[in-house]
C-alpha cells in the first residue's frame, strides 16, 4: 500500500511538472505565429462570446436563489437591510468567479479538449510538426491568452446579473427597501473586493485552459483506450480536474488574500 501511495504521489508531481512545462512553452510561442490577431479573435469568440448566454442565465438564477436564501437567514436576526451587502459580497468575491469558471469549462473547456484530442488522433498535430509549425503555439497559445481576457469579463457579467437577481428576489418579491439594498452595496463593496474576484478569474482561466488543452494534446498517452473513446475519456477527465482545481485554488487564493 505504501508503494502504491508513493507511486501515485510521484505520478501527481510528474503530471504537475508536465502541465507547467506545457503551459510555459505554449505561452512563450504565441508571438511566433502567423495571423496572430485572427486566431486570438476566434479564440475570444469561442471562450467568451459563446459562453455569454449560459453565464448570464446562471448568474441570474444564482442571484435569485441567493437573495431568497439570505433573506430568510437575515430575517432571523432582523437584518433584512443587509441583504444587498450579503448578496454583492458573496457573488463578487466567491460565487461569481467560481461559477463563471465552471460554466466556461463545461462549454468551452470541454470543446477545447475534445477538439485537440480529435486532432491528435487524426495525426493533424503530427502534420503540423512535419511542416515545422509549433503545434502548441498554433493550438493552445491563442486560447490561453483569450482566457485571460474572457474570464474576468464574463465574471463581471455574472456579478452584475447576479446582484440584479438578488434585487428581484429581495426587493420586488419580498419587500426589502430598494434604497437600502443598493446603498448597502455602495457602502460595503470596495475596489479591493472587485480586484480579488478578478484575480481569481485570471487564475482560474490560466489553470483550466492549460488542463483542458493538456488533456487533449496528450490524449494518445493519457487515455486508457484509443480512438473516440479515448477522446471522450480525456475530455471528461479535463472537465472533472478543472472543476476540482477551481475549488481548490479558490480556497488557497482566499486564504492568501484574507491573510494580507
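At full extension, residue 81 and residue 42 could sit 9.6 nm farther apart than now, given 0.36 nm per residue minus the alpha carbon distance. Report summary: the helix-based calculation at 222 nm, which adds -39500 (n - 2.57) for every DSSP H run with n ≥ 4 and divides by the residues of the chain, gives -26000 deg cm²/dmol. Once both axes come from the Cα atoms, what is the angle between helix 141-167 and the longest principal axis of the chain, in degrees from 0 to 90, rounded to 10? With rounding to tens, the tilt is 20 degrees. Ordered by the count of other Cβ atoms within 10 Å of each Cβ, fewest first, 159, 196 give 196, 159. The Cα center of the range 205-260 and the Cα center of the range 185-201 differ in position by 26 Å. For the range 103-174 versus the range 1-74, the inter-centroid distance based on Cα atoms is 7 Å. Hey, with R₀ at 25 Å, roughly what FRET efficiency would residue 2 and residue 251 work out to, going by the Cβ-Cβ distance, to 0.05? The pair residue 2/residue 251 has a calculated efficiency of 0.35. Helix 110-121 axis versus longest C-alpha principal axis of the chain: approximately 0°, rounded to the nearest ten.
Sorted fewest first by neighbouring Cβ atoms within 10 angstrom, 39, 222, 76 come out as 76, 222, 39. Taking other C-beta atoms within 10 angstrom as a stand-in for reagent exposure, 12, 245, 87 fall in the order 12, 245, 87, fewest first.
Taking Cα atoms only, the orientation of helix 2-28 departs from the longest principal axis of the chain by about 90 degrees.
From the square roots a ≥ b ≥ c of the eigenvalues of the alpha-carbon gyration tensor of the range 30-115, which class results: rounded (a/c under 1.5), prolate (a/b over b/c), or oblate?
prolate
For the pair residue 18 and residue 187 in one chain, pulling the backbone fully straight at 0.36 nm per residue adds 56.3 nm over the alpha carbon distance. Taking 0.36 nm per residue of separation and subtracting the Cα-Cα distance, full extension of the segment from residue 25 to residue 244 would add 76.4 nm.
Read-outs throughout are calculated quantities, based only on the coordinates presented, and are distinct from any laboratory measurement. It should be emphasised that the depicted structure is a prediction, and the values quoted were computed from it without experimental measurement. Here Cβ is always computed from backbone atoms with ideal geometry, including for glycine, and neighbour counts include all displayed protein chains.
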